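Accompanying notes for the structure given below.
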Amino acid sequence: SRPRGPVPVFTLFRRPLGAACGIGFTVLTSSSWPIQVSAKPIVSIIPYMVIVFELTVLFGALSTFLGLIINSLIRQRTPVRLYDERFSDDKFGVAVVCEKEKIGAVEAILNSTGAEEVKFDEA
């Protein structure tokens, strides 16, 4: 299983905040300006679920974007060992993580498929 990044954590903890803001917004608005419609209650949760859902999605999306920006700014400061300037121009790079005893097999596979260059990083 692949390790997960920190970005979903931003979304996980901001969605309930969006739902709480949606509930608070609708309930406080209805309580501040009560309009009696027939015998229906002033505060009714069912009609407000659309606003709660929309604010949940909005807060989740904005927090995901914010988490992505923060995470990318943090990652800019980390050293990149295998980056090559040619990747930004016209070449593709493939990073393979494997055990030391399988390096020969990985090199053979890459060379048999037309790799121009194979580098190893001893990390």
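The values are calculated or read from the model by the stated rules, or taken from the named source; none is laboratory data. All values reported here derive from a predicted model rather than from experimental measurement. Note: ideal-geometry Cβ built from the backbone for every residue, glycine included; neighbour counts use all protein chains shown. Surface accessibility is based on the protein's heavy atoms, side chains included, excluding ligands, DNA and RNA. Shrake-Rupley method; radii C 1.70, N 1.55, O 1.52, S 1.80 Å.
Multiply the residue gap between Lys119 and Val96 by 0.36 nm, knock off their C-alpha separation, and tell me the result in nm, one decimal place.
7.3 nm is the gain from fully extending Lys119 to Val96.
I'd like to check one number: the per residue accessible area of the stretch 1-115, probe 1.4 Å, reported in Å² as a whole number.
82 Å²
Which number gives the lysine pairs in the chain that have C-alpha atoms under 28 Å apart and are eight or more places apart or on different chains?
Close lysine pairs under the 28 Å cut-off: 5.
Please list the radius of gyration and Dmax for the stretch 1-110, considering alpha-carbon atoms only, with Å as the unit.
24.8, 79
What is the sum of charges, Lys and Arg at +1 and Asp and Glu at -1, for the other residues whose Cβ falls under 12 Å from the Cβ of Phe92?
Overall, the nearby charge balance is -3.
Report the full-extension gain for the segment Ala105 to Arg4: residue separation times 0.36 nm, less the Cα-Cα distance, to one decimal in nm.
Extra length from Ala105 to Arg4 when fully extended: 33.5 nm.
Ignoring ligands, DNA and RNA, please state the percent of accessible area on the chain from carbon and sulfur, probe 1.4 Å.
Answer for the chain: carbon and sulfur cover 65 percent of the accessible area.
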